[in-house]
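Undergrad: Below are the structure tokens for one structure; questions will follow.
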Amino acid sequence: MEITVQQVELLSDDDYIYLDVRGEIAYQHGHIPKAYEWAGDFSHIEELPKDKRLIVYCNYGEKSAPIAEQLRQEGYEALNLSGGYREWLLHVTSQKEQMQDVSKDGLHLFSSTEELTPDEVKRYDRQIILPQVGSDGQKKLKKSKVLIIGAGGLGAPAALYLAGAGVGTIGIVDADDVSVSNLQRQIIHTSKREGTNKAESAKKSMLELNEHIKVNTYPEYLYADNAEELFKEYDFIIDAVDNFETKFLINDTCVLLKKPFCHAGILQFQGQVMTYVPEEDQPCYRCIFEEIPESGSVPNCSQAGIIGAVAGIIGCIQALEAIKYLLGIGELLTALRRSGKTLAVATSKPEPFAVKILEHFGIADRFAYIAGGTLDETRTKKAEVIRYALERLGIPSGLSAVMVGDRKYDIVGARGVGIASIGVLYGYGTRAELSEAGAPFLAADIAELGSLLMPERVP
């Protein structure tokens, strides 16, 4: 038996409760107001009230249907919410759109540009249900502005995926025209657009993919005299060009304006990516490569060749780097480091693999040391790894250290070396697992973890 969101609204608030069966992590990152989080553990069914109707929901109404049926067999009046949490989001969004909220002077109290339309909720729902995104994160993307320099092999996939993700305003800088030799890797263009400016061609494909975004085109070359003017209105810059002079210009302008940017380069079967975030005091492009190479000393793609799929992979990584920055993923690590705290990783994974994983995600440099297990299995237990990390950091006493982890092994390992621990509820472990392991503190999300680690920042 099912019930719609509209039918629920006709019920008295005292007659029912929402029962969220998506899991603790999803619940912590967004749920129907006043919903009761329940893991579906029928061994603890006595937790549920029998004097109220239970409206059971999951993300889409599929997982929750058999749970509602089983509850009815146990004597509860349980109904499955048709369409689940997604349908509720659509309904709430539709209601906001129809609101006629006005102030005393008759001016609108909210801007529709800051809200998600029902169509946008449908379009982005696979992102919205991610704990790291949610509806607030999707609104951030909608209000964000990204500038892509170059609509070629790197810029093509970056532009398409940023458009698909719902980045509200995307700028494209490219003075070149589409040629048939571009189409092997520059998938944003088509044969019919040969001879068309690349920026304008990219705009057509992006708007065909997503009509909800705005695309600004700049069919011009990037020079020192126009770079600052172009960059200043954007939140993030993507370097998708194929010459060193322009790469250094992008770097220098971003450093001057304190703009984050993502550099990438490709050749043959290889690619490289680097993201510069000014507030994290990270090295910039010039810090690594220092000077522009002599002309002709380094071959380009037209001379040495390129596999199109390599451009696609690296360009997609650039899009992901932009999205991560705009959503603020990784913000806590930055804040902790700025507060003077030393950060390290302690994992039972083999240390060489742990280093590669963190390097892949571009956060290895945020840690003073990455400690892991050994390939010969002489160091595998979490307590051994934590002790090893403390030794390498030169911390003789555990009184000044805290272990942050999402599994019982982290909590037990910390206790084994005499240091404090915090269990986080947005990983793989559950509240029950972490509590039973003896976690003295639990954090439901990044904000709560930050308040525990940096109480001085809490107003």
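Undergrad: Does residue 376 fit the bill of being farther than 20 Å from residue 442 by Cα, loosely packed, with under 14 Cβ neighbours inside 10 Å and either touching a residue at least 60 places away in the same chain (Cβ under 8 Å) or not assigned by TED's automatic domain parsing to the domain that holds residue 449 (or both)? Before you say what the answer is, go through the steps one by one.
TA: Working: farther than 20 Å from residue 442 by Cα: yes; loosely packed, with under 14 Cβ neighbours inside 10 Å: yes; either touching a residue at least 60 places away in the same chain (Cβ under 8 Å) or not assigned by TED's automatic domain parsing to the domain that holds residue 449 (or both): no.
No; evaluated as a whole, the condition is false for this residue.
Undergrad: Tell me whether region 163-170 contains one or more residues that are assigned by TED's automatic domain parsing to the domain that holds residue 249, touching a His at 6+ places or on another chain (Cβ under 8 Å) and at pLDDT below 95.
TA: Within region 163-170, none of the residues are assigned by TED's automatic domain parsing to the domain that holds residue 249, touching a His at 6+ places or on another chain (Cβ under 8 Å) and at pLDDT below 95.
Undergrad: Then there's this: Among 394, 340, 398, 362, which is the only one that is under 17 Å from residue 415 (Cβ atoms) and either touching a Leu at 6+ places or on another chain (Cβ under 7 Å) or at pLDDT below 90 (or both)?
TA: When all the criteria are applied, what remains is 398.
Undergrad: Go through (1) crowded, with 16+ Cβ neighbours inside 10 Å; (2) at pLDDT below 85; (3) assigned to a helix (DSSP H, G or I); (4) not hydrophobic (A, V, I, L, M, F, W, C) and name the single condition residue 303 misses.
TA: Checking residue 303 against (1) crowded, with 16+ Cβ neighbours inside 10 Å; (2) at pLDDT below 85; (3) assigned to a helix (DSSP H, G or I); (4) not hydrophobic (A, V, I, L, M, F, W, C), the one that fails is (1).
Yes/no matrix, rows are residues, columns are (1) part of a helix (DSSP H, G or I); (2) over 24 Å from the mean Cα position of the chain (by Cα); (3) touching a residue at least 40 places away in the same chain (Cβ under 8 Å):
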residue: 148; (1), (2), (3): no, no, yes
residue: 189; (1), (2), (3): no, yes, no
residue: 230; (1), (2), (3): yes, yes, yes
residue: 249; (1), (2), (3): yes, yes, no
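Undergrad: What number of residues within region 417-432 satisfy the criterion of being modelled with pLDDT of 80 or more, on the phi < 0 side of the Ramachandran plot and either touching a strand residue (DSSP E or B) at 6+ places or on another chain (Cβ under 8 Å) or surrounded by fewer than 16 Cβ atoms within 10 Å (Cβ to Cβ) (or both)?
TA: Within region 417-432, residues that are modelled with pLDDT of 80 or more, on the phi < 0 side of the Ramachandran plot and either touching a strand residue (DSSP E or B) at 6+ places or on another chain (Cβ under 8 Å) or surrounded by fewer than 16 Cβ atoms within 10 Å (Cβ to Cβ) (or both) number 9.
Undergrad: Could you list, in sequence order, all residues of region 22-39 that are surrounded by fewer than 19 Cβ atoms within 10 Å (Cβ to Cβ) and out of contact with any Leu (no Cβ under 9 Å at 6 or more places or on another chain)?
TA: Residues satisfying the conditions are 23, 31, 33, 34, 39.
Undergrad: Answer with yes or no whether residue 176 is surrounded by fewer than 20 Cβ atoms within 10 Å (Cβ to Cβ), in the same structural domain as residue 246 (by TED's automatic domain parsing) and either within 24 Å of residue 237 (Cα to Cα) or among the acidic types (Asp, Glu) (or both).
TA: Working: surrounded by fewer than 20 Cβ atoms within 10 Å (Cβ to Cβ): yes; in the same structural domain as residue 246 (by TED's automatic domain parsing): yes; either within 24 Å of residue 237 (Cα to Cα) or among the acidic types (Asp, Glu) (or both): yes.
Criteria met by residue 176.
Undergrad: What single numbered condition from (1) touching a residue at least 24 places away in the same chain (Cβ under 8 Å); (2) outside any strand (DSSP E or B) fails to hold for residue 172?
TA: (2)
The values are calculated or read from the model by the stated rules, or taken from the named source; none is laboratory data. Note that the coordinates shown come from a computational prediction; the quantities given were computed from them, not determined experimentally. When we count neighbours, we look across all protein chains shown, and the Cβ atoms used for this are built from the backbone with ideal geometry, even at glycine.
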